[in-house]
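The values are calculated or read from the model by the stated rules, or taken from the named source; none is laboratory data. The structure displayed is predicted, hence computed values, not measured ones. Counting neighbours? That spans all protein chains shown, and the Cβs are built from the backbone with ideal geometry, glycine included.
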Amino acid sequence: MTASTLERVRSVASDIFGVPVDKITAESSPQTIDNWDSMQHLNLVLAIEEKFGVQLDPEDIEQMKNIGAVATLVEKLQSTPR
Amino acid sequence: MADSNSNSKRAEYDPASLRAEVDRLIAHSAFDVASRRLAELWRRDPASGTASFVTSRLDELRSKVALTKVKLAILRSFTVEPMVPLVRAEAFAYGIDLAVHVGDFNTYIQDIVDGQSSLYRFAPNAVILAVRADQAAPELWRDFADLTPEAAAQAAARVVHSYEQWIATFRKHSQSALIIHSLERPSSPSLGVLDSQSETGQSGFILQINRELQRIGATFHGVYNLDYDALVARHGSEHWHDERKWLTARLPIAASHLLDMAREWMRFIVPLSGRTAKALVVDLDNTLWGGVVGEDGVAGIQVGPEYPGAAYQALQRALLDISRKGILLAVCSKNNLDDAMEALEKHPGMLVRAKHFAALRINWTDKSQNLREIAEELNIGIDALAFLDDNPFEREQVRAALPEVTVIDLSHNDLPKNPLEYATAIRDCAVFERLTLSAEDQQRTEMYAAQKQRSGAEQSFQSKEDFFRFLEQEAELEPMSSLTLARVAQLTQKTNQFNLTTRRYTEPQIAEMAKQPEWQVLSIRVRDRFGDHGLVGVAIAHDQGEQCEVDTFLLSCRVIGRTVETALLAHLAESAAQRGRKRLVGWFLPTKKNAPARDFYQQHGFERQEANGSGSLWTLDLNSSTLRCPDWIKLKVSVGNSAAETRPGGKN
């Protein structure tokens with residue numbers, strides 16, 4: 001993943017979870033962010049779809065185990081038109 | 001939608017530093033500025049992430065800044081939670097602090113029926129009932145191919161009946177506004193194209209339910225129809241829906257359209273909250289028309305049926321549409337008055353004309369000053385103004401100087417402007433929405449504009465008489481009838497200034513007087529070259545032996561000082577003489593407010609007969625009277641309900 005995609009995913013996650021952006025890393029996950037529950041997970045999915053113009057399948061959503069995985073997924077989706 | 005910030009269209013806009021600035025301002029207790037920056041952040045990037053940030057900061061600001069508080073409950077058959085931050089952020093941009101209560105998933109019937117439910121305990125100002133068609137009408141939606149036409153009709157009737165019961169029950173427990181999502185039609189009906197060949201197809205029944213919901217809604221006060229079917233169609237059913245989210249999260253709407261749903265709700269919440277605009281002030285050059293009239297000349301500006309002029313005509317149509325809802329239009333333009341007026345009056349492509357504008361400020365003064373004056377002239381608050389200008393500098397200047405004005409957003413401040421978006425910007429702006437319309441709303445623009453022309457015209461005449469002749473006034477006198485009874489009684493009750501006796505009468509009292517043969521109850525209507533004033537005056541007189549006494553004589557302040565009063569009095573005198581009376585008499589009973597009528601009898605040749613503590617009695621000898629209707633007023637006298645001959649003014 002590129003630094004710029006990760007940066008943008010971090011800033012979206014910062015808004016959604018209400019956590020300062022410098023506290024969010026590629027390793028941040030539901031285990032390290034208190035607010036990351038199932039409803040916030042949905043909100044993160046929607047915000048990512050909106051921000052990056054992609055659509056996530058249920059299988060994709062299951063892969064979003066941490067912020068780094070989200071950024072990787074976004075790049076994969078952006079490079080494979082469907 | 002793809003992120004538009006990455007390619008640095010706006011050098012000066014950095015979302016991270018704007019967020020940091022908001023937090024810094026809150027930390028320094030600069031709440032009003034923080035609030036404005038937060039609204040700017042939302043304006044520039046209205047998205048889910050921004051909404052979460054905006055609502056979290058709004059929770060810190062809400063007790064510190066002036067916002068209109070509204071409580072919204074959403075009853076639903078699908079996931080709406082992701083829309084809650086969006087609708088709260090959008091409301092904040094309209095100056096509304098929206099508290100949202102979301103009913104449990106699919107418990108909307110229990111919530112409505114149980115008077116003790118969390119819905120009613122929340123005491124909402126507005127309730128949205130958002131039920132998907134497949135849940136409201138499952139038989140019609142899923143099993144339509146199995147239904148006989150009779151069974152389908154019964155199913156539709158059951159759906160309508162359920163809604164009717166829910167609405168009635170809701171009204172028993174709450175006076176809150178109720179906004180009901182209509183049902184969407186299937187994008188692929190079960191019988192394919194055959195479905196649209198008859199009214200009894202799947203779509204036909206859904207439409208029938210929607211029509212019934214409209215009808216039922218109209219029978220209740222404060223029940224409104226949100227046309228969900230049209231909303232989906234507007235954005236395109238295939239784009240609107242996200243089947244994957246529906247199956248995994250019970251969220252039927254795609255991420256890119258959640259904001260559109262929230263904005264549709266705002267079109268109801270803004271008018272319900274009263275945060276509406278009463279007037280829209282528009283710029284001229286490159287806003288109302290293309291080009292600069294001072295440089296290009298009237299022939300050189302662009303407005304007409306062909307592009308690019310067509311884009312400006314589209315905006316002008318949008319302006320006319322909102323003015324029909326009672327929203328006043330005004331002009332604020334840095335221009336030479338003569339150039340601008342020539343374009344407004346003479347350019348063949350213009351759909352709006354000077355007469356459509358209730359106020360004009362065409363000068364080189366700073367726009368915020370002009371907006372202040374316009375608000376004063378129209379007698380409305382500055383917060384009731386909206387402002388449309390193609391120039392981002394002017395928009396920012398107004399935003400900074402008058403933050404209470406609704407500045408219409410045109411996207412991409414730094415890009416070449418696109419006049420095609422102006423009409424949409426006006427039509428999409430919730431401050432111009434209205435949920436009901438009165439007859440007065442529909443005529444307000446004409447009334448203001450005519451008033452403005454009258455006062456403008458008056459200044460340009462050498463003498464009053466010239467002005468009166470120019471006005472081409474027509475007055476129509478008729479005996480009070482059942483059609484005019486309510487208005488006549490209302491005028492006696494509320495007219496204070498030009499009212500000689502200030503006697504207040506109820507409708508039954510007026511009706512009783514009119515039945516007596518020796519009493520005359522007359523009303524007068526006035527129109528002139530600028531418009532119709534309607535029924536604006538009343539005279540009541542009764543014969544007593546040799547004299548006729550004026551019991552009541554009043555005119556609405558809209559028409560006083562234009563000699564209509566002379567026409568009315570002259571008619572009383574002439575008709576009394578025709579009935580063989582020798583004198584016309586009348587009291588002037590002074591009040592705190594009727595000074596404008598004090599010298600009325602004296603000015604018309606009456607002599608003071610007596611005076612007491614309550615007033616003075618005046619008399620006119622009808623044999624020697626020279627009182628006539630002024631010849632510049634065309635007077636029409638009706639007898640009973642049918643119009644009699646038109647008599648020339650100043651007759652025999």
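Out of (1) free of Cβ contacts under 8 Å to residues at least 60 places away in the same chain; (2) within 30 Å of B:PHE31 (Cβ to Cβ); (3) away from chain A (no Cβ under 14 Å); (4) not small (Gly, Ala, Ser), what's the single condition that is false for B:VAL102?
Only one criterion in (1) free of Cβ contacts under 8 Å to residues at least 60 places away in the same chain; (2) within 30 Å of B:PHE31 (Cβ to Cβ); (3) away from chain A (no Cβ under 14 Å); (4) not small (Gly, Ala, Ser) is unmet by B:VAL102, namely (3).
Only one of these is closer than 25 Å to B:ASP296 by Cα, of a type in the set (A, V, I, L, M) and part of a loop (DSSP other than H, G, I, E, B): B:MET341, B:MET350. Name it.
The conditions single out B:MET350.
Among the residues of segment B:71-91, is any among the β-branched types (Val, Ile, Thr), closer than 24 Å to B:ASP383 by Cβ and assigned to a loop (DSSP other than H, G, I, E, B)?
no
Filter segment B:364-408 for residues that are crowded, with 16+ Cβ neighbours inside 10 Å, of a type in the set (S, T, N, Q) and not in a helix (DSSP H, G or I) and give the result.
B:ASN391, B:THR406
Tell me which residues, restricted to segment A:56-82, are surrounded by 13 or more Cβ atoms within 10 Å (Cβ to Cβ), charged (D, E, K, R) and either without any contact (Cβ under 8 Å) to a residue 40 or more places away in the chain or touching a Leu at 6+ places or on another chain (Cβ under 9 Å) (or both).
Scanning segment A:56-82 gives A:ASP60, A:LYS76.
Give the residue, chosen from B:LYS582, B:LYS592, that is in contact with a strand residue (DSSP E or B) (Cβ under 9 Å, 6 or more places away or on another chain) and surrounded by fewer than 18 Cβ atoms within 10 Å (Cβ to Cβ).
B:LYS582
Given the structure, is B:ILE510 within 30 Å of B:ALA611 (Cα to Cα), aliphatic (A, V, I, L, M) and free of Cβ contacts under 8 Å to residues at least 40 places away in the same chain?
It is true that B:ILE510 is within 30 Å of B:ALA611 (Cα to Cα), aliphatic (A, V, I, L, M) and free of Cβ contacts under 8 Å to residues at least 40 places away in the same chain.
What are the residues in segment B:204-224 that are closer than 18 Å to B:ARG434 by Cα and aliphatic (A, V, I, L, M), if any?
B:ALA218, B:VAL223
Quick check, is B:THR502 over 30 Å from B:SER463 (Cβ atoms), within 34 Å of the chain's Cα centre (by Cα) and touching a residue at least 40 places away in the same chain (Cβ under 8 Å)?
In short, yes.
Would you pick out the residues in segment B:291-311 that are under 19 Å from B:ASN363 (Cα atoms) and either hydroxyl-bearing (Ser, Thr, Tyr) or not in a loop (DSSP other than H, G, I, E, B) (or both)?
B:VAL293, B:GLY294, B:GLU295, B:ASP296, B:VAL298
Scan segment A:50-65 and tell me whether some residue there is assigned to a loop (DSSP other than H, G, I, E, B), on the phi < 0 side of the Ramachandran plot, of a type in the set (Asp, Glu) and within 13 Å of chain B (Cβ to nearest Cβ).
Yes, because at least one residue in segment A:50-65 is assigned to a loop (DSSP other than H, G, I, E, B), on the phi < 0 side of the Ramachandran plot, of a type in the set (Asp, Glu) and within 13 Å of chain B (Cβ to nearest Cβ).
Every residue in segment B:579-611 that is in contact with a Cys (Cβ under 7 Å, 6 or more places away or on another chain) and either assigned to a strand (DSSP E or B) or within 16 Å of B:GLY561 (Cβ to Cβ) (or both), please.
Across segment B:579-611, the qualifying residue is only B:LEU584.
Restricting the search to segment B:320-338, which residues are charged (D, E, K, R) and closer than 18 Å to B:ALA439 by Cβ?
Matches in segment B:320-338: B:ASP321, B:ARG324, B:LYS325.
Restricting to segment A:18-49, name every residue that is buried (at least 20 other Cβ atoms within 10 Å of the Cβ), over 20 Å from A:LYS76 (Cα atoms) and at the interface with chain B (Cβ under 8 Å from one of its Cβ atoms).
A:ASN43
Working carefully through the options B:LEU288, B:LEU251, B:LEU259, find the one that is touching a Leu at 6+ places or on another chain (Cβ under 9 Å) and in the same structural domain as B:THR406 (by TED's automatic domain parsing).
Going through B:LEU288, B:LEU251, B:LEU259 in turn, just one is touching a Leu at 6+ places or on another chain (Cβ under 9 Å) and in the same structural domain as B:THR406 (by TED's automatic domain parsing): B:LEU288.
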